[in-house]
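The values are calculated or read from the model by the stated rules, or taken from the named source; none is laboratory data. Owing to the predicted nature of the structure, the values given are computational and were not obtained by experimental measurement. With ideal geometry, Cβ positions are generated from the backbone for all residues, glycine too; neighbour counts draw on all protein chains shown. SASA here: full protein model, heavy atoms, side chains in, ligands and nucleic acids out. Shrake-Rupley method; radii C 1.70, N 1.55, O 1.52, S 1.80 Å.
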Amino acid sequence: MNNFETFLFNLTKTKIPILDASISFSTYTALDLSETNIDLAAYEITNPESCQLYINTILNENKAEVAYGGYLEKRSLYADKSNFSSDTNAIRNIHLGIDYWAKAHTSVLAPINGTVHSFKNNNAVGDYGPTIILSHTIHEITFYTLYGHLSLNSIQDLYIGKEFKQSEILGYLGTPDINVNYAPHLHFQIIKDIGAYLGDYPGVCAESDLTFYAENCPNPNLLLGL
């Protein structure tokens, strides 16, 4: 691990819930949406209803409430979305956060204390939909966390600088019509240096850019400990 990854890993010694705290960690199960998962061939994975059918299958098989995974996963999920493949030489299909697939309207919790850096409804098809970015400064180290695919009311009455304490409700999972054509889920991403971005940051990258983004967006599980 590099210094920033070690810093994240040492922030907590226990698992941190990022969805409704009443959902037991024992009901979380891993989900593989990579292009190498042969089970996906039976589903139209870019269609939110078909994607949800596959997720429900995994949840039912594992008696689970939340399916999670996807960090640095190469996916076919974005194949039908033009903003991921406008440049055929740099197709963006490597996922930079962890997704938590659960029922729409499930509450999203702040994993650690933070303040609102920015927020935005990224409403282009295939984008995040309503998005919140928190800023965190701990031991003089500042970093950011991004929460995508939220409900519209999650960003209503929000303001830059608003404080959220650990485990406080930050928002709720949006429906496919609001989160711009995905089955309900949270996209959670850690960002070391956000640059000039406001309310948005790439959540999927091209393989040619992977070295930079993997360093700037480390595995969220280092913080959450799932």
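General observations
- Potential lengthening between ILE138 and LYS162 on full extension [0.36 nm per residue; Cα-Cα distance subtracted]: 6.9 nm
- Square roots of five times the Cα gyration tensor eigenvalues for the stretch 94-226, Å: 20, 19, 14
- Over all other residues within a Cβ to Cβ distance under 15 Å of TYR100, the charged ones net out to -3, with Lys and Arg as +1 and Asp and Glu as -1.
- Label-to-label distance for LEU152 and ILE38 is 4.4 nm, based on points extended 7 Å past Cα in the beta-carbon direction.
- Accessible surface for the chain, divided over its residues, is 46 Å² per residue with a 1.4 Å probe.
- Take every Cα pair under 8 Å whose residues are at least 6 apart in sequence, average their separation, divide by the length of the chain, and the relative contact order is 24 percent.
- Two-site label geometry, GLU49 and THR27: point separation in nm, points 7 Å out along Cα→Cβ: 2.7 nm
- The chain - charge dipole about Cα centre, Lys and Arg +1 at Cβ, Asp and Glu -1, debye rounded to 20: 480 debye
- Carbon and sulfur %, accessible surface of the chain computed with the full protein complex present, 1.4 Å: 50 percent
- For ASP177 and LEU11, the difference between the fully extended length at 0.36 nm per residue and the C-alpha to C-alpha distance is 56.1 nm.
- Cut-off 20 Å, label 7 Å out along Cα→Cβ of THR211, residues of the stretch 175-198 by amide N: 192-193
- Radius of gyration, Dmax [the stretch 1-64; alpha carbons; angstrom]: 16.1, 42
- Label-to-label distance, VAL125 versus ASN62, with points set 7 angstrom from Cα along the beta-carbon direction: 3.1 nm.
- Charge sum, other residues only, whose C-beta stays under 10 Å from GLY114's C-beta, Lys/Arg counted +1 and Asp/Glu -1: 0
- Over the chain, DSSP H runs of length four or greater, each weighted -39,500 (n - 2.57), average out per residue to a 222 nm ellipticity of -4000 deg cm²/dmol.
- For the set LYS120/LYS165; LYS165/LYS192; LYS63/LYS120; LYS74/LYS165; LYS74/LYS192, the pairs lying more than 24 angstrom apart at their alpha carbons are LYS63/LYS120; LYS74/LYS165.
- Restricting the stretch 144-192 to trypsin sites (Lys or Arg not before Pro) that sit in a DSSP loop and have at most 11 other Cβ atoms within 10 Å of their own Cβ leaves LYS165.
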